[in-house]
1. Among the lysines, which have Cα under 16 Å from the Cα of Lys25 when same-chain residues fewer than 8 positions away are ignored?
2. With a 10 Å radius around each residue's Cβ, average the other Cβ atoms per peptide and rank 82-93, 100-111, 43-54, highest first.
3. Please list, or write none, the lysines whose alpha carbon is within less than 16 Å of the alpha carbon of Lys92, excluding same-chain residues fewer than 8 places away.
Amino acid sequence: MRMAESSNNLEQEIAELQQKIAEKKAMMEGMGSEVRTEKEVLREVVREKIAATPPTDVLSFPSVPASSGASATEPPSYLSDELRPKIQEFAKVALEKSLGDAISLAKATKNAALIDAFHDYIVDELYEKLVAEAKLREVK
């Protein structure tokens, strides 16, 4: 039952994200704004969700030191050895409970580098899932 419940939560969150992507794209088109890719719009929608989600009261994850800025040739920050374990824990929470719970835990660390890395990771994962399910078009 728990797996079915978490699957339903994730599917519900994906449906909400799809709706917000469609709304944001329609709003941008209506305003004559620059056309952006669906991945860029998804990134903005997730960023807004992170901004709107309060951190949890319990700091269950220790703070990870902020890393220096990444260059364009470096792999994504969520692949760094110091951030990867925490990002994987947050991703597990996102898949088993909800994206909101994972965001709350990430924000509770008060570590901007970790929050940013989680944002990048979850956008990439959600984008790949939505493309695989043919709910978004892949950007080439």
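No lab work stands behind these numbers, since they all come straight from the coordinates. Since the model is a prediction, treat every value here as computed from it, not as a measurement. Please note: Cβ atoms are built from the backbone with ideal geometry, for glycine as well, and neighbour counts cover all protein chains shown.
1. Lys39, Lys135
2. In descending order of packing, they fall as 100-111, 82-93, 43-54.
3. Filter leaves Lys107, Lys129.
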